[in-house]
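The structure under discussion appears below in the form of structure tokens.
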Amino acid sequence: MKKLIFYYTHRESLGHTTRSISLVSALDKLYGDKLKIYVFQAGRPQRFCKFPERVKVFDLPDPFYSKFDFKLYKSSSVSFNSRKRAQFMLDRINEIGPDIFVTEFFPFGRYESRLELLPVLTQLKKRGVEILASIGYHYIASGNFKALNFFSSFYDRIFIHVPDDEEYGYYLRNMENRVFKVLYRRFFKVNESKIAYTGYVLPYTLGNLKSERQIRSRFDAEGKRLVLISRGGGVVCPKIIALCALSRKYLDDRYRFVVIPGPASSNKEMALFRQVIRETGGNIFLAKYSPDLSSIMNACDVSVSMAGYNTSMQLLYLRKKAVVIPSLVNPELGRGYCDEQVIRGMTLKKYLDASILDYNTLSAKDIARNIEAMGKRDIRLKHIPSVRFKGAENTAHLIMGAKPSR
């Protein structure tokens, strides 16, 4: 049997974990009899997120995550334990003897991971292990080009989890910095032979949806308009959740709100959300986390969220009416340049005619108006071929040297 190690980190958001589980699950389902899979989980353990039973998961010691530093890590907090974490991985690698090593998001993002991964990649390269990158989108942090050009030399293949005709052009057209645009285009041209486009990776949670009737009954939403409010992109921007909850105040009794800000929400944030909900007069269900989030999204009449990859893929697949508030900052460096959520908002607008709101001018009244308008709108959805949602399967086939779905 071949042996594969999959490395990922998440900073306590659900998107990267969900995509990692979806990819590993596809590998296990399609090639579990030919492949032994191990996972290096480099963030804080998320016990509610489960990999397949046959997959061995190692939690790296001393994760350096801090919600305060979600956008910008302090170098001291990263470097302090990087040697210990690298040695932990090298010890496991010596025991396992992998044939394939996959990193999720790095080297395009998660720049701080370089400190623990460089010794690992160097050793794997010497051993002739195949090194692969799993990338959700054409994301490059503006300060990451030098490191990216260096680290990409370690990689044999780069899998980007969008269709080959989506998003790349949006990035180029929306980059105002001409130097950055030239460097961006050059990187993808130089690495063209390594890059393969897989299509969208759907969340594994879509494989076990509860019935719409069951979900609507749970929230007393029969004959009502069910609105799902979720963070939908990282663990930041609590203003979005608070203003979305407050928007219920400007809608009538036909609406039922379900607010799920995510498991990384702090106690202070949850207290803020509860206070806002009290001011609206009720008809709002609040939970930090729900394993049925995909089922609730499937049953809702309108979804309101940011434009993270995981949430956006569900919206596209389920063909939901959506009000989207993209984050406007580069999540790696905390400064704007051409944010991936803005680009994904364009995709949601193209296929779902989603309402796209500006984070900087956001108000509760504006959100309420858009929820109401979206609920009434007769949307003409643009067709998306089903093959575009086979990203997990296609990635599994490509990793194992087989042909992807067409």
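The values are calculated or read from the model by the stated rules, or taken from the named source; none is laboratory data. Keep in mind the model is a prediction, meaning the values are calculated, not measured. Positions of Cβ are backbone-derived with ideal geometry, glycine not excepted, and every protein chain shown enters the neighbour counts.
A few notes on this one:
- Only one of Thr205, Thr280, Thr198 that is crowded, with 17+ Cβ neighbours inside 10 Å, among the β-branched types (Val, Ile, Thr), more than 23 Å from Glu12 (Cβ to Cβ) and within 17 Å of the chain's Cα centre (by Cα): Thr198
- Put simply, of Asn310, Asn267 the only residue that is in the same structural domain as Val227 (by TED's automatic domain parsing), over 23 Å from Arg225 (Cα atoms), polar (S, T, N, Q) and crowded, with 18+ Cβ neighbours inside 10 Å is Asn310.
A quick yes/no check of all residues on (1) touching a strand residue (DSSP E or B) at 6+ places or on another chain (Cβ under 9 Å); (2) closer than 24 Å to Ala373 by Cα; (3) modelled with pLDDT of 95 or more:
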residue	(1), (2), (3)
Phe180	no, no, no
Tyr197	yes, no, yes
Tyr200	no, no, yes
Asn208	no, no, no
Glu222	no, yes, no
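- If you go through the range 1-58 and keep only what is in contact (Cβ under 8 Å) with a residue 40 or more places away in the chain, in a loop (DSSP other than H, G, I, E, B) and not hydroxyl-bearing (Ser, Thr, Tyr), you end up with Arg11, Glu12, Leu14, Lys34, Ala42, Gln46, Phe48.
- If you filter the range 351-383 down to residues that are surrounded by fewer than 20 Cβ atoms within 10 Å (Cβ to Cβ) and under 20 Å from the mean Cα position of the chain (by Cα), you find that the one that is modelled with the lowest pLDDT is Tyr359.
- Candidate set: the range 21-47, residues that are at pLDDT below 95 and closer than 26 Å to Leu115 by Cβ; chosen: the one surrounded by the fewest Cβ atoms within 10 Å (Cβ to Cβ): Pro45
- Evaluation of Ile215 against (1) in contact (Cβ under 8 Å) with a residue 40 or more places away in the chain; (2) part of a loop (DSSP other than H, G, I, E, B) (one fails), failing number: (2)
- Being crowded, with 20+ Cβ neighbours inside 10 Å, charged (D, E, K, R) and over 30 Å from Phe101 (Cα atoms) is true of Arg256.
- Of the numbered criteria (1) touching a helix residue (DSSP H, G or I) at 6+ places or on another chain (Cβ under 6 Å); (2) more than 20 Å from Leu398 (Cα to Cα); (3) surrounded by 18 or more Cβ atoms within 10 Å (Cβ to Cβ), the one Tyr137 fails is (2).
- Checking each residue in the range 284-298 for being crowded, with 17+ Cβ neighbours inside 10 Å and in contact with a Leu (Cβ under 9 Å, 6 or more places away or on another chain) picks out Asp292, Leu293, Ser294, Ser295, Ile296, Met297, Asn298.
- The range 84-115: number of residues that are surrounded by 21 or more Cβ atoms within 10 Å (Cβ to Cβ), in a helix (DSSP H, G or I) and modelled with pLDDT of 95 or more: 1
- Number of residues in the range 350-365 that are touching a helix residue (DSSP H, G or I) at 6+ places or on another chain (Cβ under 8 Å), assigned to a helix (DSSP H, G or I) and not hydrophobic (A, V, I, L, M, F, W, C) equals 3.
- Residue tally, condition free of Cβ contacts under 8 Å to residues at least 60 places away in the same chain and within 16 Å of Arg225 (Cβ to Cβ), over the range 277-299: 4
- Among the residues making up the range 225-276, those that are aromatic (Phe, Trp, Tyr) and either free of Cβ contacts under 8 Å to residues at least 60 places away in the same chain or assigned to a helix (DSSP H, G or I) (or both) are Tyr250, Phe257, Phe273.
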